[in-house]
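Some notes on the structure that comes next.
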Amino acid sequence: MKRILLPLLAVLFLTCCGAPLQTRKPARGFLYRGEHPQAGLGAYGYLVFTAKPDAGRQTRYQRTCDSFMRSFPSIDEYRGKDPASLMITYWLLDQRIPEDSACARLVEDFDYATSNEIASEIKKLSSPGPILVAWQTPFDSGAAKSDALVLDLSDFSEDDLDRAIGIWKERVVKDPSVWNKGFNLVKTKEAFRNLLQRYGDQILSIIKPGK
């Protein structure tokens, strides 16, 4: 009887309540100028700087890169996985270089032109960055854009950069309730509660297309 009942209950649950929400796996990738990201991903994230670092910000940029490289597994580790189960956060590069390059090289060859296009789209050109932004469709796909989830880390201390990138990876990317039927700002704010108290609500927003 149990063998019959359990599958029946599963069918009834899916019928009345919908399929379980899919958890996205976080990954990092490099996106080169003029190239398009992989199609069919569950979501697309980008790390944005709006200007080359001056002497005072060079260490901060490299610290951001170190955290990015350390926090996210490479997309190569998910070969064979369903792309829809992944959210890749991209580091933008203006030319093809070895992907095991040191962060000094990754900062030097960062694609600031494309990064500024993204910053303009989300109305953040005056923010030096780093900024984390995500769409459910690629930024340059030509398709209708989804809402953008934006986390502006420009004013964060260097220690809090690590924390914020870690939360982006562990809570925002993986939590299905954040992504179900578009971004859920309330759920996202719960993940960043302590940082919002420190830096203010304006660090986190959802930007509507064309707004």
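None of the figures in this text is laboratory data; all of them are computed from the coordinates on show. Since this is a predicted model, take the numbers as computed values, not measurements. Quick reminder, even Gly has a Cβ in these numbers, built from the backbone with ideal geometry, and neighbours come from all protein chains shown.
Counting other beta carbons within 10 Å of each residue's own, what order do K181, K25, K208, K123 fall into, fewest first?
Neighbour counts put them in this order, fewest first: K181, K208, K123, K25.
Rank the residues L47, L132 as a footprinting-exposure proxy: fewest other Cβ atoms within 10 Å of their Cβ go first.
Lowest count first: L132, L47.
Nearest-5 percent of antiparallel DSSP beta bridges in the range 21-207?
Once the DSSP bridges in the range 21-207 are tallied, antiparallel ones form about 50 percent.
Which order, highest average first, do 201-207, 35-41, 134-140 follow once you tally other Cβ atoms within 10 Å for each residue and take the mean per peptide?
Ranked by mean Cβ neighbours within 10 Å, highest first: 134-140, 201-207, 35-41.
Could you work out [θ]222 nm for the chain from helices alone, using -39500 (n - 2.57) per DSSP H run of at least four and dividing by all its residues? Round to the nearest 500 deg cm²/dmol.
-10000 deg cm²/dmol
Which of the DSSP-defined H helices in the chain satisfy a minimum axial length of 15 Å, computed from C-alpha atoms, and a minimum mean Kyte-Doolittle hydropathy of 0.5?
2-17
Debye calculation, C-alpha points only, no solvent: report log10 I(q)/I(0) for the range 55-137 at q = 0.15, 0.17, 0.25 Å⁻¹, in the same order as the q values.
Taking Cα atoms of the range 55-137 as identical point scatterers yields -0.65, -0.83, -1.45.
For a quick check: sort D100, D82, D66 by the number of other beta carbons within 10 angstrom, fewest at the front.
Least to most surrounded, the residues fall as D100, D82, D66.
Under 5 Å between amide hydrogens, which residues at least 5 positions from S146 or on another chain qualify, with H placed 1.01 Å from N in the peptide plane?
The answer is Q136, T137.
In nm, give the distance between the simple-model label positions of E77 and R171, each being 7 Å from the Cα along the Cα-to-Cβ direction.
2.1 nm
Along the charge dipole of the chain, pointing to its positive end and built from +1/-1 on Cβ of Lys, Arg, Asp and Glu, which listed residue (G29, F192, V48) has its Cα farthest out?
In the chain, that residue is F192.
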